[in-house]
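Right, one structure below, let's go through it.
The values are calculated or read from the model by the stated rules, or taken from the named source; none is laboratory data. The shown structure was predicted, so the numbers you read here are calculated from the model rather than taken from an experiment. Here the Cβ is made from the backbone with ideal geometry for all residues, glycine too, and neighbour counts use every protein chain on show. These area figures cover heavy atoms from the full protein model, side chains too; ligands, DNA and RNA do not enter into them. Shrake-Rupley method; radii C 1.70, N 1.55, O 1.52, S 1.80 Å.
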Amino acid sequence: MQRGVYFDAWFPRQHCYHPSLPPRRLRMIDDLVDYRATSLVWASLGGGSISLPYLEQEAFGPVDARSRFYGFVNDSEFIAAAQQRGIKVFGIVFEAQGWEFPVELSADEDEILALNELRDGGRRDWIGLREFSGNRYPKLWKPFEHYFPGGLVNSDGEPVTDLIEECCARDIHSTALHARWVECPDRDHQCYYMDRNNPVWREYLKAVIRIQIDAGVDGVQLDETELPLGALQYGGCFCKDCMKGFRAYLRELPADERSPHLADVDLDTFHYGQWLLDRGHDFKGGHHEIPLYPEYYRFQCAAIRRHFGELAAHARDYARAKGREVLVSGNFFNMDPQYLGLADDVDVIVTEMRNTTYRQPEWYRYVAGFAGDKDVIVVENPYGGVVPELVELLRAGRGHDLLRLSCYEAAAFGVNMAVPYGSWMGATIQDAFYAPHEVAAEVQAFLADHETLYDRRSANEVAVVYSVESNRELVSRQDVGDNLRNARDDRVQVPYRQVTEALAGAAVPFDVVLFPDPRTAPDRVTVESLRRYDTVLLPACTYLTSGQVAALRGYLDGGGRIVRTGGLGDNLPADERAGLSAHPGVSLAEPTDLSALLPHGRQVDLAAEAGTADVAVNTAQLADGSVAVHLVNYDYRADDDAVRPLAGLELRVRLPQTRPEATAHSADGTVTALDVRVDGAVHTVTLDALGPYAIVVFSASPARTGPVAA
């Protein structure tokens, strides 16, 4: 498991300005060593969204003597220093951001006297992508043609002289869209939402990637990987390249897959935006009621996969041409299904969760299922969650156990929560999120010292299926709001979420298996991948592919048990649907009825001396055949500012292939040999006290000692 650090290193009590990150100091490396860091995300070289010369200055620019006095270095020097300590640094490519900043210049326009934060120090103007591509400041920046000999030409064959005008996303009225979530409302800067469907912008992003690789980054992290789908919140995108691409997508559809809306449409001249306006739609909301929206969404998903893959391949190819390898990662945000098709193109998944709460084990299990065999680094989100509250608590010297829980919870449920080091607090709060050093070092040391007790493979008996097509509309209706609110409409019920929240809340460990639709990602579910589970839960899986049906039938015919909630394979022919539902191994349950959801009973039971235990559980199948049971105690008491230890916690777990030996590893460093009572396959141990987090390891039986097959 990675031990990531969310390394924006923005300044306290000041805006977290995108896209350029503050200068780095060598002293930061000492902190990162204390944190046992393996990877830094959002860590370096973000300024390409201003201009390529600006990015080169971040990478290689001179550092004056006064700054050297305090250990300041340029980004390439910082990367090298981190690598000497075994820490990987990811360069950050802000794919959706095209910036314009107010600037104050000397009379000859050969010196920047103020940028972004002004001081009445010179003649005011603007500087950014527009000026770079138009060669507005020849005394400050190398010409555009230095990086693109002969210039760049757009899809209409026209030379490009204004990157903003050429490449930004647009609404249905052709108005340029802004990335509002990174614009500080009390500043004059402007961030345009750029569109990767435009081939000119992809060429520009490739140049950003090349400079980052030249600066020595270990990996390239592509932020905003879903663009331009993120423009939906602003009514986009209807730029010329999206319209060209959608028109071509519709033309290539087989006649029997075309919507009836296209019956009398000339697809050689079709413009989706104008077509919608003619029918009274402005694309500002209610997308699922808009004609051709499903086709538009599928077109954009395919474009996202294709263009993300193009940039990932360019990064690897360029690095190899330079004689080395680089990692590729991307911000998969809330791990929505549109990112599923990108997973094959990354080495590490980095996700900025949509909502950060104090308890979300079911979301982490979804993330682990999504990621498969890929490492995951999660970072918090300041919008729509608890981060601002937690930062205030930490500033007052409180909330340390809440911070511990956020890191231990992610690890327990299969992913890594990055330690915040000056991380993002949004565009309105003037502050950055720094974890208390001693707490961060303590948590990271525990994770590092016990890394052999974590594994992607679980010993969980239950799997929950997330069907992409079955959930797409429901989830989009429940997850309302833009990037500044990240709201959830709890009036909308999503059966998958009901099931997983019920299981996690009752300390039932489970895996998540994703069933993609054909246009999102390859369908890889097999009978073998399901056979290891005693029970497979299908929450309202109303859409199934032929491969998924075959896997489910094979699982059932081998003695497996399926519990469904709601519809099952409603898209299938009636006889096939009826045959699957009527199989004797299939039963029906309500989404929150645990007794019906678990026909084999609970794998794990907990009992505490004080009664109800607010604990969530996961298991890990370790490489030597042992099983680690991860226990997270959420019983934080605000009056005590601490998690209340659970005294006399009895843990009963069904593990048929371990021997009666167990050891508890508590987050405070205590290691305790436990007495094990065995009744058939059920192993019972009692912990004297459970603090915020502990791992109970049941030793492998002699026959299982040695590596476990994946």
Point to revise | Filtered residue count, the stretch 311-338, keeping only those that are at pLDDT 95 or above, under 17 Å from the mean Cα position of the chain (by Cα) and open to solvent by 20 Å² or more (accessible area, probe 1.4 Å) | key: 1
Check your understanding: Just wondering, is there one or more residues in the stretch 678-695 that are surrounded by 21 or more Cβ atoms within 10 Å (Cβ to Cβ), part of a strand (DSSP E or B) and in contact with a His (Cβ under 7 Å, 6 or more places away or on another chain)?
Key -> yes
**Study point:** Close pairs (6 angstrom Cβ cut-off, 6 or more residues apart or separate chains): on the phi > 0 side of the Ramachandran plot in the stretch 220-248, buried (at least 23 other Cβ atoms within 10 Å of the Cβ) and among the aliphatic types (A, V, I, L, M) anywhere
**Key:** E224/A96
Review point. Within the stretch 493-534, how many residues turn out to be in contact with a strand residue (DSSP E or B) (Cβ under 8 Å, 6 or more places away or on another chain), polar (S, T, N, Q), over 13 Å from G547 (Cβ atoms) and open to solvent by 10 Å² or more (accessible area, probe 1.4 Å)?
Key: 1
Practice item. May I ask you to verify whether P660 is in a strand (DSSP E or B) and at pLDDT below 95? Key: yes
Point to revise | Close pairs (6 angstrom Cβ cut-off, 6 or more residues apart or separate chains): farther than 30 Å from F148 by Cα in the stretch 51-73, in a helix (DSSP H, G or I) and open to solvent by 20 Å² or more (accessible area, probe 1.4 Å) anywhere | key: G71/R27
Point to revise | Qualifying residue in the stretch 153-166 (condition: open to solvent by 10 Å² or more (accessible area, probe 1.4 Å), among the hydroxyl-bearing types (S, T, Y), free of Cβ contacts under 8 Å to residues at least 24 places away in the same chain and part of a loop (DSSP other than H, G, I, E, B)) | key: no
Review point. G414: over 30 Å from D523 (Cα atoms), touching a residue at least 60 places away in the same chain (Cβ under 8 Å) and not β-branched (V, I, T), yes or no?
Key: no
**Study point:** Single condition D624 does not satisfy, out of (1) out of contact with any helix residue (DSSP H, G or I) (no Cβ under 9 Å at 6 or more places or on another chain); (2) of a type outside the set (S, T, N, Q); (3) touching a residue at least 60 places away in the same chain (Cβ under 8 Å); (4) not in a strand (DSSP E or B)
**Key:** (1)
Check your understanding: Here are some residues: R247, R210. Which one is touching a helix residue (DSSP H, G or I) at 6+ places or on another chain (Cβ under 8 Å), in a helix (DSSP H, G or I) and either modelled with pLDDT under 95 or over 23 Å from S49 (Cβ atoms) (or both)?
Key -> R247
Revision key, fill the gap. Within the stretch 288-310, residues being open to solvent by less than 40 Å² (accessible area, probe 1.4 Å) and out of contact with any helix residue (DSSP H, G or I) (no Cβ under 9 Å at 6 or more places or on another chain) number 0
Exercise for review: Determine, yes or no, whether R365 is among the charged types (D, E, K, R) and farther than 30 Å from G625 by Cβ.
Suggested key: no
Revision key, fill the gap. Filter the stretch 192-207 for residues that are farther than 16 Å from S51 by Cβ and surrounded by fewer than 24 Cβ atoms within 10 Å (Cβ to Cβ); the one that is farthest from the chain's Cα centre (by Cα) is P199
Revision key, fill the gap. A careful count of residues in the stretch 45-96 that are open to solvent by 10 Å² or more (accessible area, probe 1.4 Å) and assigned to a helix (DSSP H, G or I) gives 18
Study note, to complete from the structure: When restricted to L572, L588, L552, L597, the only residue open to solvent by less than 10 Å² (accessible area, probe 1.4 Å) and either touching a residue at least 60 places away in the same chain (Cβ under 8 Å) or over 30 Å from the mean Cα position of the chain (by Cα) (or both) is L597
Study note, to complete from the structure: Within the stretch 175-186, residues being open to solvent by 70 Å² or more (accessible area, probe 1.4 Å), assigned to a loop (DSSP other than H, G, I, E, B) and either farther than 20 Å from M243 by Cβ or in contact with a Cys (Cβ under 9 Å, 6 or more places away or on another chain) (or both) number 2
Revision key, fill the gap. Requiring at least 2 residues that are open to solvent by 10 Å² or more (accessible area, probe 1.4 Å) and among the small types (G, A, S), the helices (runs of 4 or more DSSP H) wholly within the stretch 385-475 are 437-449
Review point. Does G285 satisfy the criteria of being within 30 Å of W424 (Cβ to Cβ) and either open to solvent by 60 Å² or more (accessible area, probe 1.4 Å) or free of Cβ contacts under 8 Å to residues at least 60 places away in the same chain (or both)?
Key: yes
Study note, to complete from the structure: The one condition G341 fails out of (1) modelled with pLDDT of 95 or more; (2) buried (at least 18 other Cβ atoms within 10 Å of the Cβ); (3) in a helix (DSSP H, G or I) is (1)
Practice item. Quick one: count up the residues across the stretch 603-616 that are in contact with a Leu (Cβ under 8 Å, 6 or more places away or on another chain), in a loop (DSSP other than H, G, I, E, B) and surrounded by 14 or more Cβ atoms within 10 Å (Cβ to Cβ). Key: 1
Check your understanding: Does P12 satisfy the condition of being open to solvent by less than 10 Å² (accessible area, probe 1.4 Å), in contact (Cβ under 8 Å) with a residue 12 or more places away in the chain, assigned to a loop (DSSP other than H, G, I, E, B) and not aromatic (F, W, Y)?
Key -> no
Point to revise | E109 being at pLDDT 95 or above and outside any loop (DSSP other than H, G, I, E, B) | key: no
